[in-house]
1. Tell me, what is the Rg over Rh of the stretch B:59-166, with Rh the Kirkwood radius over Cα pairs?
2. What does the net charge come to around A:Ile217 if you take all other residues with beta carbon closer than 12 Å to its beta carbon, with K and R at +1 and D and E at -1?
3. Measuring from a point 7 Å past the Cα of A:Met192 along Cα-to-C-beta, which residues in the stretch A:34-60 have an amide N at less than 11 Å?
4. To make sure I understand the rule: partners must be lysines, Cα under 18 Å from the Cα of A:Lys220, and not fewer than 8 residues away in the same chain. Which ones qualify?
5. If packing is taken as the average number of other Cβ atoms within 10 Å across a peptide's residues, how do B:119-125, A:63-69 rank, most packed first?
6. Please state, rounded to one decimal and in Å, the Kirkwood hydrodynamic radius that the protein assembly as shown gives when every pair of distinct Cα atoms enters the mean of 1/r.
7. Per-residue counts of other Cβ atoms within 10 Å, averaged by peptide: what ranking do you get for A:154-167, B:129-142, highest first?
8. If you look at just the Cα atoms of chain A, how large are its Rg and its Dmax in Å?
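Here, each number is a calculation from the coordinates, and none is a lab measurement. All of these numbers come straight from a predicted model, not from anything done at the bench. Note that we place each Cβ from the backbone using ideal geometry, even for glycine, and neighbour counts take in every protein chain shown.
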Number of protein chains: 2
Amino acid sequence: MEVKILKDILETNDKIADMNAAKFKENGVAVLNFMSSPGAGKTTLVIKTLEAMRERGIELAVIDGDIASSVDADRIAEHGVVAIQINTGGACHLDANMIRNGLDKVDLTIIELLIIENVGNLVCPAEFKLGEDKKVMLLSVTEGDDKPHKYPLMFSEADALVINKIDMIGATNFDMEGFKKTILDMNPDVEMFIVSCVTGEGLEAWGEWVANQVREINAK
Amino acid sequence: MEVKILKDILETNDKIADMNAAKFKENGVAVLNFMSSPGAGKTTLVIKTLEAMRERGIELAVIDGDIASSVDADRIAEHGVVAIQINTGGACHLDANMIRNGLDKVDLTIIELLIIENVGNLVCPAEFKLGEDKKVMLLSVTEGDDKPHKYPLMFSEADALVINKIDMIGATNFDMEGFKKTILDMNPDVEMFIVSCVTGEGLEAWGEWVANQVREINAK
């Protein structure tokens with residue numbers, strides 16, 4: 001019974017996600033869904049990404065999912081981009097319908113990139129498609145290198161994996177070589193970026209990857 | 001419709017949690033439910049806690065919740081205590097029924113303390129009572145000081161808050177005084193512990209608090 005209900009919820013979600021995806025495509029908007037644990041650095045990476053897109057003349061907007069506050073959307077809006085806050089009312093993930101409703105507040109005709117910052121959670125966000133082109137997962141090295149075994153769905157479905165807070169690795173026992181091997185066994189096609197939003201390490205390559213997503217969408 | 005189902009699920013959960021609590025009380029077992037983000041250090045704190053209880057002659061067991069692996073239970077079992085792994089099969093939290101089933105494998109008559117390590121998630125674990133005496137929340141300073149605004153239920157319901165990885169605070173912009181003020185505004189009765197499982201800072205006070213929970217249960 002419970003399983004049946006969950007299946008229905010996911011099927012309905014997928015249908016709405018497909019409608020969102022069609023709308024994004026129609027408007028030539030590339031969409032990235034950022035997912036991570038709480039505190040892995042999603043909002044800071046969003047800000048670094050929008051700076052990198054500004055340098056390249058790429059217009060973007062951000063949809064920010066949170067349980068209860070608008071802390072993240074406020075931080076992003078300070079940087080002069082449209083930032084839509086969606087409060088999930090207790091739910092631990094964004095779903096496609098929340099995105100559909102949020103799109104009323106975004107003018108898709110003037111942007112080329114939409115970044116969705118999901119709720120901080122390594123479990124349910126991986127199950128709910130939103131209509132995005134690519135799933136971007138962040139892991140900070142301070143969380144430990146054992147996370148792929150514990151949250152396999154998220155790690156195996158990511159199109160890009162940003163390994164963040166590399167400036168702090170010296171204070172941890174994170175085994176980067178072992179970690180990379182684990183990831184590539186689970187998800188051989190994933191693009192990996194090792195970055196620090198404090199020192200700027202790796203952000204150039206990351207910005208280039210994001211810009212490429214926009215170019216690919218526009219080429220279609 | 002969806003809300004009604006959720007309400008039913010939570011009511012059923014609460015009834016089973018009360019049954020679990022009665023069973024714990026009958027056997028004189030104090031029960032702590034450890035919750036945090038992925039990678040905040042729950043498993044390491046469990047290991048430090050069991051070492052502290054061993055020094056005091058307090059027998060304990062651990063129930064470990066995870067989506068898919070037994071990484072954590074394996075680490076704990078290496079330290080010579082009973083560690084029961086519960087795989088939630090994708091669910092982002094433990095519920096009271098999973099604990100009830102797990103109890104078949106724990107001899108409650110020979111332990112005084114049961115530690116439940118919940119799934120790494122700051123959202124849903126706060127909603128599902130398990131029958132515990134106290135809710136213990138961990139936050140690592142590397143996650144940032146803005147988390148209470150974003151996950152208010154977890155922070156307002158915690159009986160104890162362990163602020164972990166204090167050895168790394170120098171590499172972060174975590175504002176401890178501001179953070180403490182925020183917490184005490186939300187949850188004036190919470191007990192706070194500032195610790196490092198690497199340097200050992202704060203672990204003596206933490207161990208004493210846990211031992212006191214056991215003593216209080218035994219005095220009832």
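1. 0.96
2. Charge balance near A:Ile217 sits at -1.
3. Zone members listed by number: none at all.
4. A:Lys23, A:Lys25, A:Lys134
5. Listed from highest to lowest mean packing, they are B:119-125, A:63-69.
6. 22.5
7. Output ranking for A:154-167, B:129-142: B:129-142, A:154-167.
8. 16.7, 52
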